[in-house]
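Taking it in order: structure first as structure tokens, then the write-up.
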Amino acid sequence: MSDGVSRWPGNYRCALVVSVDVDGPYGHINANGDRDFFWRSQTAYDLPAGVPRLLDLLNDRDVEATFCWVGRCAADRPDLVQRSHADGHEIALHSWEHRYYTPMTADEQREDMLRTSNVLESLTGERPVGHKTPAWRYNEATAAVAQELGLLWRMDEAGGDLPWLVQPDAQLPPLVELPPSRWYDDYTYFVEQTIPPRSTAEFWRDDLDVLRDEGKLLCLTLHPFVSGRPGPSRALADLLDYAIDLGDVWIARADRIALYWRDQTGGTSRSTIDN
Ligand SMILES: [Zn+2]
């Protein structure tokens, strides 16, 4: 930052969240129906291969990430939820079966979040505090439902490079919006098109350089069947090694960033994309 005062704790100049969305086959089943065996098979790589490779990569670097679980994936592989929790990663909500929230009523969204939260809590003993809507397809009710359920953060709206507070109900504690971006999403580089991992890492390092100069936040969105593949995992490894070598990047779980932000900002909130 130009005034030399950091927004982040200690000597950290910027912040980096690694969020991993464990969709399994349910993302593509929701989008394309259950007869698309090609994509069901490709995305089924998540659980047996992608999640373990990402856990090893993160643990080798002592990086704590946030794993956003589809409830049915958690039910399919409870051992992986428990391993990721035991390794120090945050366990957050990513819907029950990856149905988009945009057409859902508030009651349907509440039921979906609660069902997922109950399964995750039964596996870890901790109530999740964060939520990411499938494919970021939320609606005007989503933040209010998350706030009502007592969540701390959501990661749905891409409208900035810093967190902000949303408080649909002024009587309840605010929710921290941690902005994602399609340009920080591995789908953009390895699914919508195919770009070499080194080039992807270079793209993300440039993002991080600018955000570090400006004292801001980068929220990565990764998928185990994409970034957990052999070559693409190098893009994440490269970015993390670069950030660790810089020495002043706060690489932290979403809940830690959100809690810090809510405590530091003193309740300034906004309700729409306007910063
Ligand atoms: Zn997803």
Worksheet entry | Close pairs (6 angstrom Cβ cut-off, 6 or more residues apart or separate chains): open to solvent by 10 Å² or more (accessible area, probe 1.4 Å) and within 11 Å of the ligand (Cβ to nearest atom) in segment 221-232, polar (S, T, N, Q) and outside any strand (DSSP E or B) anywhere | Phe225/Thr43
Fill in: Within segment 131-141, considering residues that are surrounded by fewer than 24 Cβ atoms within 10 Å (Cβ to Cβ) and closer than 17 Å to Leu114 by Cβ, the one nearest to the ligand (Cβ to nearest atom)
Tyr138
Practice prompt. Name the one entry in Glu97, Glu90 that is more than 25 Å from Trp261 (Cα to Cα), within 17 Å of the chain's Cα centre (by Cα) and not aliphatic (A, V, I, L, M).
Written response: Glu97
Worksheet item: Leu208 passes all but one of (1) open to solvent by less than 20 Å² (accessible area, probe 1.4 Å); (2) within 28 Å of His28 (Cα to Cα); (3) out of contact with any Lys or Arg (no Cβ under 9 Å at 6 or more places or on another chain); which number fails?
Response: (2)
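Do you know which of the residues in segment 88-118 that are β-branched (Val, Ile, Thr) and out of contact with any Pro (no Cβ under 7 Å at 6 or more places or on another chain) is farthest from Leu55 (Cα to Cα)? Please lay out each step first, then the result.
First, the residues of segment 88-118 that are β-branched (Val, Ile, Thr): 91, 102, 105, 116.
From what is left, the residues that are out of contact with any Pro (no Cβ under 7 Å at 6 or more places or on another chain) are 102, 105, 116.
Details: Thr102: 31, Thr105: 35, Thr116: 22 Å.
The selected residue is Thr105.
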Item to complete: Kindly provide the set of residues from segment 67-83 that are away from the ligand (no atom under 16 Å from the Cβ) and either among the acidic types (Asp, Glu) or touching a strand residue (DSSP E or B) at 6+ places or on another chain (Cβ under 7 Å) (or both), ordered by number.
Response: Asp79
Worksheet, complete the sentence: Of the residues in segment 144-158, those that are aliphatic (A, V, I, L, M) and either crowded, with 24+ Cβ neighbours inside 10 Å or in contact (Cβ under 8 Å) with a residue 40 or more places away in the chain (or both) come to Val145, Ala146, Leu151, Leu152, Met155
Worksheet, complete the sentence: Pairs returned, first residue in segment 62-81 that is within 16 Å of Ala49 (Cβ to Cβ), second residue that is more than 12 Å from the ligand (Cβ to nearest atom), beta-carbon separation under 6 angstrom, 6 or more apart or interchain, are Phe67/Ser84; Phe67/His89; Phe67/Ile91; Arg77/Leu47; Leu80/Val51
Worksheet item: Among the candidates Asn32, Asn11, which residue alone is among the polar types (S, T, N, Q), more than 12 Å from the ligand (Cβ to nearest atom) and closer than 28 Å to Thr265 by Cβ?
Response: Asn11
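Go through segment 11-35 and give me each residue that's part of a loop (DSSP other than H, G, I, E, B) and without any contact (Cβ under 8 Å) to a residue 24 or more places away in the chain.
The initial filter retains those residues of segment 11-35 that are part of a loop (DSSP other than H, G, I, E, B), namely 11-13, 23-25, 33-35.
Residues satisfying the conditions are Pro25, Gly33, Asp34, Arg35.
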Practice prompt. Scan segment 99-116 for residues that are within 15 Å of the ligand (Cβ to nearest atom) and among the aliphatic types (A, V, I, L, M) and report the count.
Written response: 1
Item to complete: Give the residue that is farthest from Arg182 (Cα to Cα), with candidates limited to residues of segment 117-130 that are away from the ligand (no atom under 16 Å from the Cβ) and hydrophobic (A, V, I, L, M, F, W, C).
Response: Leu123
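Could you tell me which of the residues Trp39, Trp96 is touching a Ser or Thr at 6+ places or on another chain (Cβ under 7 Å), free of Cβ contacts under 8 Å to residues at least 40 places away in the same chain and within 16 Å of the ligand (Cβ to nearest atom)? Reasoning before the result, please.
Details: Trp39 fails: touching a Ser or Thr at 6+ places or on another chain (Cβ under 7 Å).
Criteria check complete, one pass: Trp96.
The values are calculated or read from the model by the stated rules, or taken from the named source; none is laboratory data. As the structure is a computational prediction, the values presented were derived from the model and not from experiment. Counting neighbours? That spans all protein chains shown, and the Cβs are built from the backbone with ideal geometry, glycine included. In case anyone asks, the SASA skips ligands and DNA or RNA and just uses the protein heavy atoms, side chains included. Shrake-Rupley method; radii C 1.70, N 1.55, O 1.52, S 1.80 Å.
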